[in-house]
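The structure appears right after this line, and notes come after that.
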Amino acid sequence: MAASKNNHCLESSRAQPEGSPSLIESVAAFISPRLVRGQRICVALSGGRDSVVLLHAMAHIVARDDRCSALSALHVHHGISPNADEWARFCAELCGNLGVPLCVVHVEVPRASREGLEGAARRLRHGEFAKADAEWLALGHHRDDQAETVLLNLLRGAGVAGAAGMLSERTQQRGPTLVRPLLGVPRDRIAAYAADHGLRWIDDESNDDHRFRRNYLRGEILPALERHFPGAGRSLARAAGHFAEASTLLDDLAQIDRTAVIAPSGRLGLAAFNELPAARARNLLRYVWVAAGLRAPDTAWLDEALRQLTRTRLGASTCVATPEGALRVYREELYVVPRVEKSVEAVRWQGEATLPWGGGCVRLERTEGAGISESAIAADAVWLRPRQGGEHLQPQLARPRRSLRNLLQESGVPPWERPLLPYLWCGDRLAWVGDLGVDAAFACGPGEPGVLPVWERAGQLSATGRGIEQHE
């Protein structure tokens, strides 16, 4: 029985799953083929019925499948609801009863985000998903959720990828692979399972607020469709599979086109890109944008981007931006630049393995015969500082010291990245610059202990990753 919204129950069933074996078998049939011995599964546990049922079923499956070394749960405490603390306590007791370790993480959701409250919460939640200590992160979305997502995305004017709804499996740029073992299971089977096992769960009061579009579709539109078109939810979910197949084919085509227009640097060459038919150019641009970890852009933005790219003169620069990132042209090549809140403030190094820089970090690795000589920097304070202007560097002993301006231009460092470069100073002497390397006066000799700085940029993502899905 579900806990009331004002009196959240902190109990869960200890009964072993015996009824509704079809749901357990459905989940097992999904997850078991994916498991490799020793891998770990984490369940994203909101405390709602769907995630409670998923965790309960997974506990039973993992107990009989020795290939999984550990099952855990993750609860993200958004702090939006006044009952958020009670939800976290409920999840802790549920996991205690099931013998499943629980990690509760607190996030602070900005109330005035341009993404909206739900969008900001989703982004922060997925940020925590990427940190989960597991190979697989299981989400509790089911078939009716898929139908809602498809309908909602179609009403937004989504393309093929949006009409595909939620993926049953999705690799992240970082962290565990996201899976949805219940995506083929209807809501009524989940409700029956919960009833059979006497499970308790949390009802989120916001689910009854039909001002939210998804709640309106769930509470009013889809029931009306089912009355006039029996099986409408099942049909929408099935259509999502067809759209997903078409989306995969479009991605395959984008990879073919990317290979055809790629420059030696690994970026898209502008001239070759502009030779593509408009539909294929839009498809490729959408593909590389999402591959950089950004949300799929809308049609109006894609059309404007293509218009500007085809009119870009030789040697000119172009920038078409969204709140999440920008498409830039530099030296006849296309750059997808994620928007990341960057802070470049001076920070002193006192032996740490990493120093924060511009939303990313600079790793300082202990080496031998490479990087900066330890003895050369031992006498003075070592700092990371932003560019001030007028700096010089001598990358090689055989060549003279030169201005950073000339070196950066020769190295092809894009203008928008130059103010964000990390500069490592030893006292009042410049020892290293990100993207350029170590000054010859500080270079480590053969066999000499050294420190190798490695700059990891903010938003440095896999070229084949997928962005956060808008419906999660």
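The values are calculated or read from the model by the stated rules, or taken from the named source; none is laboratory data. From a predicted model like this one, the values you see are computed outputs, not experimental measurements. Every residue, glycine among them, receives a Cβ derived from its backbone with ideal geometry; neighbour counts consider all protein chains shown.
Could you tell me whether any residue of the range 95-116 is surrounded by 15 or more Cβ atoms within 10 Å (Cβ to Cβ) and either under 30 Å from Gly241 (Cα atoms) or not assigned by TED's automatic domain parsing to the domain that holds Ile31 (or both)? So far as the range 95-116 goes, yes, one or more of its residues are surrounded by 15 or more Cβ atoms within 10 Å (Cβ to Cβ) and either under 30 Å from Gly241 (Cα atoms) or not assigned by TED's automatic domain parsing to the domain that holds Ile31 (or both).
Which condition breaks for Gly47 when tested against (1) in a loop (DSSP other than H, G, I, E, B); (2) modelled with pLDDT under 90? Of everything listed in (1) in a loop (DSSP other than H, G, I, E, B); (2) modelled with pLDDT under 90, Gly47 misses just condition (2).
Go through the residues of the range 189-204 one by one and say whether even a single one is assigned by TED's automatic domain parsing to the domain that holds Met58, assigned to a loop (DSSP other than H, G, I, E, B), modelled with pLDDT of 95 or more and of a type in the set (A, V, I, L, M). Yes, some residue in the range 189-204 is assigned by TED's automatic domain parsing to the domain that holds Met58, assigned to a loop (DSSP other than H, G, I, E, B), modelled with pLDDT of 95 or more and of a type in the set (A, V, I, L, M).
Of all residue pairs spaced 6 or more apart or on separate chains, those with beta-carbon atoms under 9 Å, a first member in the range 391-410 that is in the same structural domain as Leu421 (by TED's automatic domain parsing) and closer than 15 Å to Leu430 by Cα and a second member that is surrounded by 11 or more Cβ atoms within 10 Å (Cβ to Cβ) and of a type in the set (Phe, Trp, Tyr) are Glu391/Tyr423; Leu393/Trp432; Leu404/Tyr423. Counting only residues that are of a type in the set (Gly, Ala, Ser) and surrounded by 17 or more Cβ atoms within 10 Å (Cβ to Cβ), the range 305-319 holds 1 of them. Scanning the range 242-273 for residues that are loosely packed, with under 15 Cβ neighbours inside 10 Å and either on the phi > 0 side of the Ramachandran plot or not aliphatic (A, V, I, L, M) (or both) gives His242, Glu245, Thr248, Asp252, Gln255, Thr259, Pro264, Ser265, Gly266. Assess whether Gln173 counts as being within 25 Å of the chain's Cα centre (by Cα), assigned to a loop (DSSP other than H, G, I, E, B) and more than 18 Å from Asp50 (Cβ to Cβ). Yes.
Just wondering, is there one or more residues in the range 275-296 that are part of a strand (DSSP E or B), closer than 26 Å to Ala164 by Cβ and of a type outside the set (Phe, Trp, Tyr)? The answer is no, given that none of the residues of the range 275-296 is part of a strand (DSSP E or B), closer than 26 Å to Ala164 by Cβ and of a type outside the set (Phe, Trp, Tyr). Checked against the criterion of being crowded, with 19+ Cβ neighbours inside 10 Å, modelled with pLDDT of 85 or more, not aromatic (Phe, Trp, Tyr) and not assigned by TED's automatic domain parsing to the domain that holds Glu417, the candidates Leu364, Leu302, Leu384, Leu294 yield just one match: Leu302.
Taking (1) closer than 23 Å to Ala239 by Cα; (2) under 15 Å from the mean Cα position of the chain (by Cα) in turn, Leu124 satisfies each apart from (1). Does Ala370 count as surrounded by fewer than 13 Cβ atoms within 10 Å (Cβ to Cβ), in the same structural domain as Val433 (by TED's automatic domain parsing) and small (Gly, Ala, Ser)? Considered against the rule, which asks whether it is surrounded by fewer than 13 Cβ atoms within 10 Å (Cβ to Cβ), in the same structural domain as Val433 (by TED's automatic domain parsing) and small (Gly, Ala, Ser), Ala370 comes out as no. As a summary of the residue check, Asn283 satisfies the conditions (1) at pLDDT 95 or above; (2) under 18 Å from Thr149 (Cα atoms); (3) not small (Gly, Ala, Ser) except for the one numbered (2).
Residues of the range 91-133 that are in contact with a Gly (Cβ under 8 Å, 6 or more places away or on another chain) and in a loop (DSSP other than H, G, I, E, B): Val107, Glu108, Val109, Ser113, Ala130, Lys131, Ala132.
Checking each residue in the range 63-81 for being over 24 Å from the mean Cα position of the chain (by Cα) and touching a residue at least 60 places away in the same chain (Cβ under 8 Å) picks out only Ser81.
For the range 320-330, the condition of being modelled with pLDDT under 95, assigned to a helix (DSSP H, G or I) and surrounded by fewer than 18 Cβ atoms within 10 Å (Cβ to Cβ) holds for none of the residues.
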